[in-house]
1. Rank by packing, highest mean first: peptides 94-103, 184-193, with packing defined as the count of other Cβ atoms within 10 Å averaged across residues.
2. Treating the Cα atoms of the stretch 1-143 as identical point scatterers in vacuum, please give the log10 of the normalised Debye intensity I(q)/I(0) at q = 0.13, 0.15 Å⁻¹, two decimals.
3. In nm, what is the difference between 0.36 nm times the number of residues separating residue 191 and residue 228 and their Cα-Cα distance?
4. Quick one: go through the stretch 206-247 and flag any residue whose amide nitrogen is under 15 Å from the point 7 Å out along the Cα-to-Cβ line of residue 10.
5. What span do the alpha-carbon atoms of the stretch 17-246 cover on each of the three principal axes, reported in whole Å from largest to smallest?
6. Give me the number: length gained by fully extending residue 71 to residue 45, i.e. 0.36 nm times residue separation minus the C-alpha to C-alpha distance, one decimal in nm.
7. With a cut-off of 14 Å, note down the residues of the stretch 213-247 whose backbone N falls inside the zone around a label point 7 Å from the Cα of residue 182 toward its beta carbon.
8. Once both labels are modelled 7 Å past Cα along the beta-carbon direction, what's the residue 201-residue 216 spacing in nm?
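Just so it is clear, none of the values below were taken in a lab; they were calculated from the coordinates. Predicted, not measured: the structure shown is a model, and the values here were computed from it. Here Cβ is always computed from backbone atoms with ideal geometry, including for glycine, and neighbour counts include all displayed protein chains.
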């Protein structure tokens, strides 16, 4: 696709501009740490498939595969310092995903909330909007740039700033369940669930600040499995298995 303008979206898609939220752990595959190239490449191909439909896409990727600030703070590290280290981990993941996307022909920009001009752009809202309009995938790194805020909150904030139609959250399971389906075979999956129920039942979709921000702005959150080939494009067409969190 040319970088001069985004392609027209395929008819019948539910969303025209999305923010895709991935955990850092999604990038490490079967490893216990870091980035597994084959897994990153597989996720990049899913993003490309959606991009080829004409969808405008931005991403937020966590850093838990490299460093988790909250866990480090629990071990005695000063929380603010630990959170900044976690933000730097998200920049590493963003650069890894950028490399994978550009290898398969998807123009990509990384914008960091912590300025580091040698490796990526600073976060500038108007510039990010222009990148999306030109058909580039934009990866937002370093969270909100502030300690005590998770990448879930950063994802919701950036989605609102970009005017995204929805947040699509790729997870290890195919939606939101009333308990962990990996340990409880009788767990029930929701096809739709309200923000209020997510908060009151502590359903672990995203952290409470992110859910509250989405609720206050009526921003849908769609939870689907990263492990389904074509899962992202199926969700965009309203197919497959997923859970929609909304009013």
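1. 94-103, 184-193
2. -0.57, -0.74
3. Gain on extension, residue 191 to residue 228, equals 11.6 nm.
4. Residues 229-240 fall inside that zone.
5. 50, 47, 37
6. Difference between extended and current length: 6.2 nm.
7. Output list for this probe position: 225-227.
8. It works out to 2.5 nm between the two label points.
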